[in-house]
């Protein structure tokens, strides 16, 4: 398939896939730490991460590897779409409390 | 203290670099300082408001509010930068002539200045809101005097780099000056458009097309100071997705095409005006 047709096919297919059943995984923030700090998710599939910030203070959930940057205000939940990820390890962190807020996603 | 300095520095840097480019691009325009300062002030007020309503924005549109808001802010800035460049493509030559001829700043209409006021305000708003939230969090969890000092240091550091960039730009000879700032504004706009695409992907509204077109993080990481600066200035990305690259190239091509069309029209008008003047009565 030519790159243009490939891109077209993908652009048509992916939005529908995004609205289908997307598995969601919750990561809780408590006292500026992630729980779980390590989490295994399926590779090659679009997933949703729900970040549940139980702290009173805001956090910025960030991952360079997964290309996420999202502020989660205190006592709120935020959702981000991720992937499809290649198998591997994807670190994430809380930019506002980098010393303690560190975690990893494993795509298998 | 160091932690707060680093975070505030990162956020300030991005806004400061954009303000420096705006100051460069409006060189020789009368009252631009007032307009840019107005943009910064508006941006700070906007940042406080955005931080105040962060919870509501974040929960809006099925939890996609923040991404949509960021993408919208970025795309409006892209439109304003594009408009500025198109306007300059038909006014730059006359502007430089007038600067030389008058020996002082040139009066231009309110429209080109308000476009750059908007770019400044939006840059400060976006980065400022995150800084406000971060500092609020630290204060809420029992901040210290060190925190305030750290924040001030970060702010001073980011601003200093913006000032350095501005004075660096001023060293470019006037003849080439607006060509250079035009290219910088063009690349800045393309980079911001790519960032907007990134937010729309994060919101699940756009496909990535290609998950990773290349990975140059080993060569120049976006975590590094140089990587971060180039990210703001020319839209450098160490792991771009297909859609980000597409937005980058499409923005670049669109603005260039518009500049060419309007620049050519201005040259034609100037030429025919000159021909009329030259013709014997």
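The values are calculated or read from the model by the stated rules, or taken from the named source; none is laboratory data. Only a predicted model underlies this, so the values are computations on that prediction, with no experimental measurement involved. Heads up, the Cβs are rebuilt from the backbone with ideal geometry, glycines too, and the neighbour counts pull from every protein chain shown.
Points worth noting:
- Only one entry of B:209, B:256 meets the criterion of being more than 22 Å from the chain's Cα centre (by Cα) and either assigned to a helix (DSSP H, G or I) or at pLDDT below 95 (or both), and that entry is B:209.
- Number of residues in the range B:147-174 that are closer than 15 Å to residue B:9 by Cα, surrounded by 15 or more Cβ atoms within 10 Å (Cβ to Cβ) and over 17 Å from the mean Cα position of the chain (by Cα) equals 8.
- Pick from the range B:57-97, criterion modelled with pLDDT under 90 and in contact with a strand residue (DSSP E or B) (Cβ under 7 Å, 6 or more places away or on another chain), ranking: nearest to residue A:58 (Cα to Cα): B:58
- Wholly enclosed helices (runs of 4 or more DSSP H) of the range B:1-112 bearing at least 3 residues touching a residue at least 60 places away in the same chain (Cβ under 8 Å): B:2-25, B:32-52, B:65-102
Residues checked against (1) out of contact with any strand residue (DSSP E or B) (no Cβ under 8 Å at 6 or more places or on another chain); (2) more than 14 Å from chain A (Cβ to nearest Cβ); (3) in contact (Cβ under 8 Å) with a residue 12 or more places away in the chain; (4) under 23 Å from residue A:85 (Cβ atoms):
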site	(1), (2), (3), (4)
B:190	yes, yes, yes, no
B:207	yes, no, yes, yes
B:217	yes, no, yes, yes
B:221	yes, no, yes, yes
B:224	yes, no, no, no
B:233	yes, yes, yes, no
B:237	yes, no, yes, yes
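- Residue list for the range A:86-108, filter: facing chain B (nearest Cβ under 8 Å) and over 26 Å from residue B:53 (Cβ atoms): A:86, A:99
- Test: residue in the range B:138-146 that is surrounded by fewer than 19 Cβ atoms within 10 Å (Cβ to Cβ), in a helix (DSSP H, G or I), out of contact with any helix residue (DSSP H, G or I) (no Cβ under 8 Å at 6 or more places or on another chain) and within 11 Å of chain A (Cβ to nearest Cβ): yes
- Among the candidates B:155, B:125, residue that is in contact with a helix residue (DSSP H, G or I) (Cβ under 6 Å, 6 or more places away or on another chain), within 14 Å of chain A (Cβ to nearest Cβ), within 30 Å of residue A:56 (Cβ to Cβ) and in a helix (DSSP H, G or I): B:125
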